[in-house]
1. Consider residue 48 carefully, then state whether it is open to solvent by 60 Å² or more (accessible area, probe 1.4 Å) and more than 24 Å from residue 10 (Cα to Cα).
2. Filter the range 14-25 for residues that are in contact with a helix residue (DSSP H, G or I) (Cβ under 8 Å, 6 or more places away or on another chain) and not small (Gly, Ala, Ser); which is farthest from residue 84 (Cα to Cα)?
3. Within the range 77-112, can you find the residues that are modelled with pLDDT under 95 and assigned to a strand (DSSP E or B)?
4. Would you call residue 28 open to solvent by 50 Å² or more (accessible area, probe 1.4 Å), among the aromatic types (Phe, Trp, Tyr) and out of contact with any Lys or Arg (no Cβ under 6 Å at 6 or more places or on another chain)?
5. Can you tell me which residue within the range 31-45, out of those that are assigned to a helix (DSSP H, G or I) and surrounded by 19 or more Cβ atoms within 10 Å (Cβ to Cβ), is farthest from the chain's Cα centre (by Cα)?
6. So if I check each of 62, 81, 73, which one is without any contact (Cβ under 8 Å) to a residue 24 or more places away in the chain and out of contact with any Gly (no Cβ under 6 Å at 6 or more places or on another chain)?
7. If I ask for residues that are surrounded by 13 or more Cβ atoms within 10 Å (Cβ to Cβ), within 17 Å of the chain's Cα centre (by Cα) and at pLDDT below 90, which ones from the range 119-134 would you list?
8. Would you mind stating whether residue 70 is modelled with pLDDT under 95 and within 19 Å of residue 16 (Cβ to Cβ)?
Amino acid sequence: DVMCQINRAGSALGRMAGVSALTDVTGFGLLGHLVEMADGSGLTARIQADAVPLLPRVEHYRALGCVPGGTGRNFESYGHRVSELTEVQKQILCDAQTSGGLLVAVQPDAVSEFHALMQPFGMQLKPLGEMVARQPLAVEVR
């Protein structure tokens, strides 16, 4: 049912004029999808690492070494395109098992409309950062 809800929300967002980009975050991890979004727009994604929502107990499992091998392969494939990361940031932001969360680029003047459109879906909406004029790197993590 959660996946159906996300699909319905994505469908509604796809019709909203103020949405510039929309993807579900999957095996490439959050940073992989941000690199694609930055490349497609000719901009740089600037995000706040501490604004990224985490599932409960992520830190517990990460500390136990429960990090998928694909996470490291993700970083190897696009790590040169992002700003310097701590090991913890690599393990979380490049996580290969991420699935289902929507990453949405919303024009600043459409944020209120975006929230109103998403309100019936009961989703947790949290800004992670912004798209800025193209910099040397595709993604800057702060």
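The values are calculated or read from the model by the stated rules, or taken from the named source; none is laboratory data. In this text the structure is predicted, and so the values were computed from the model without any measurement. Positions of Cβ are backbone-derived with ideal geometry, glycine not excepted, and every protein chain shown enters the neighbour counts. Heads up: the accessible areas ignore ligands, DNA and RNA and are worked out on the full protein's heavy atoms, side chains in. Shrake-Rupley method; radii C 1.70, N 1.55, O 1.52, S 1.80 Å.
1. No.
2. The selected residue is 16.
3. 102, 103, 104, 105, 106, listed by residue number.
4. Yes.
5. 38
6. 73 is the lone residue from the list that is without any contact (Cβ under 8 Å) to a residue 24 or more places away in the chain and out of contact with any Gly (no Cβ under 6 Å at 6 or more places or on another chain).
7. 123, 125
8. Here the answer is no, as residue 70 does not meet what is asked.
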